[in-house]
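The values are calculated or read from the model by the stated rules, or taken from the named source; none is laboratory data. Small disclaimer: the values here were computed from a predicted structure and weren't measured. Quick reminder, even Gly has a Cβ in these numbers, built from the backbone with ideal geometry, and neighbours come from all protein chains shown.
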Amino acid sequence: FLTFTAGSPDRSWSPQLRHPQRGLRSRLCALASTTEENAWQRFAEWVAARGGDMANVEIADIDGMRGLVAARDIAENTSIVEIPLTASIDISEPGNDADPSAPALNLLKFLDDPELKPYMDLLPGRTSPDISRMPDFFSEEELEMLQCPEVVQKTHRRQQLCATRADESSLDTEDVKWALCTVAQRAFSVVSPIDGLLRLLLPGIDLFNHDAHALHEMRVRWTLQGLVTATFKVVARSPIKKGEEIRICYGGDPFRPDGCGGDCTGDMALTNAAYLQRYGFVDDCFGTTMVDGKWLVKPESEPIRESLAATSAEEDEKLLSDSSLSIPAKTAIQFRRQLKIALKAQQEADALKAKAEAAKSEEQKQAEREAKEKAEEEARLKEANAEEARRQLFAALEEK
Ligand SMILES: C[S@@+](CC[C@H](N)C(=O)[O-])C[C@H]1O[C@@H](n2cnc3c(N)ncnc32)[C@H](O)[C@@H]1O
């Protein structure tokens, strides 16, 4: 692992907004004298001053991607990072939960708050790989390369929303898109016992990269100390050695306890369409492939299947060996290749299942039908008993 060292500043990690009212030009000049290393140190000190604890980790460049590595050995079941609610940045827009542009506009308002500078200085900027891989920044040609009309349509809607909001607020559309993507990648949705649904930036916790197999867990604990407050932490679920990169899982995996147990309808485990649109990358783990496969064989996915047929996974593989591909083009081809792999796997599994079904004798099929009916009858009975118990309880309470 390469930890960030002093050297020429990498401006791509800092927001590059061009709005003259915001005095960003002078801020970008000031940034030219910063280095990743001292930006990290200022950030870690800032988190500590706000009551957070990041002493167990440090920022690093791992094969070209920024993330967190263990600064020391970390024992199982201990906190890796802890951030109190008071160190979070609330970008919620009360009463407007459904509009993704609302927290994005709030992020833009906070961008030049001197109090928050150590955090804002670390946000990946408009030209960083993290942001360039978001479909919102793809050209029309690159969007077509996804071979997925559903994602293209959703991206067009997001682009239109950003253009409208930029127009209404006299902002640059690219800046609103940057903010929308940054919120999608980094903000957490949290249900507060007092305030309901909140959109929070959790400085430090948003530096963990994704691994579908990661065991480490994000937890929140609400407490009443005069005021309601909370602590957000990432807890080690296996021992971690100093220098190891630490990741968390962004979406459920069907095989994890919080996943769907192998019959996912996509509510818990994310599809690659969701990974791409929220985070700008493609996940090739087995669980995501399975969830993609189930999504892609559905009748309503016919337009996607037709579009994917334009090239084969093998052709896509060959295209990916071209080192001159732009970041968006590479991301788009990785995406469509992964969908083809998932679709083929699901179709083959379904064909095998159908063949096994056809090979069953009439007696076997009859026995299975009877077992299914029996199980359904038992479930109905159980529910009826529970309902009766509830009814009796309410009747007894009413009598009292
Ligand atoms: C919450 S941030 C994580 C920290 C981020 N890498 C940084 O430097 O600030 C999420 C973003 O990190 C990148 N990322 C995280 N995990 C990744 C993975 N497994 N593959 C590719 N990119 C990943 C993506 O750009 C994603 O949107």
- Item | Residue count for segment 281-298, restricted to those that are within 25 Å of Ile327 (Cβ to Cβ) and either surrounded by fewer than 23 Cβ atoms within 10 Å (Cβ to Cβ) or in contact with a Phe, Trp or Tyr (Cβ under 6 Å, 6 or more places away or on another chain) (or both) | 6
- Can you name every residue in segment 314-328 that is in a loop (DSSP other than H, G, I, E, B) and free of Cβ contacts under 8 Å to residues at least 40 places away in the same chain? Ser321, Asp322, Ser323, Ser324, Leu325
- Among the residues of segment 285-322, write down those that are polar (S, T, N, Q), at pLDDT 95 or above and within 26 Å of Asp130 (Cβ to Cβ). Ser321
- Give segment 9-66 a look and list any residue that's at pLDDT below 50 and not in a helix (DSSP H, G or I), or say none. Pro9, Asp10, Ser14, Pro15, Gln16, Leu17, Arg18, His19, Gly23, Ala32, Ser33, Thr34
- Flag for Ala104 being surrounded by 21 or more Cβ atoms within 10 Å (Cβ to Cβ) and of a type in the set (Gly, Ala, Ser): yes
- Note on the structure: If you go through Leu180, Leu197, Leu227, the only one that is touching a Ser or Thr at 6+ places or on another chain (Cβ under 7 Å) and at pLDDT below 95 is Leu197
- Message: Filter segment 163-193 down to the residues that are polar (S, T, N, Q), within 16 Å of the ligand (Cβ to nearest atom) and in a helix (DSSP H, G or I) and list them by number.
- Response: Thr182, Gln185
- Message: Among the residues that make up segment 152-161, is at least one of them modelled with pLDDT of 95 or more, outside any loop (DSSP other than H, G, I, E, B), within 16 Å of the ligand (Cβ to nearest atom) and not assigned by TED's automatic domain parsing to the domain that holds Leu296?
- Response: yes
- Condition met for Ala6 (at pLDDT 95 or above, more than 16 Å from the ligand (Cβ to nearest atom) and either part of a strand (DSSP E or B) or of a type in the set (A, V, I, L, M) (or both)): no
- Tell me, which helices (runs of 4 or more DSSP H) wholly within segment 79-141 include 1 or more residues that are at positive phi and within 15 Å of the ligand (Cβ to nearest atom)? none
- If you check Leu198, Leu215, which single one turns out to be within 26 Å of Ile62 (Cβ to Cβ) and either in contact (Cβ under 8 Å) with a residue 12 or more places away in the chain or surrounded by 15 or more Cβ atoms within 10 Å (Cβ to Cβ) (or both)? Leu215
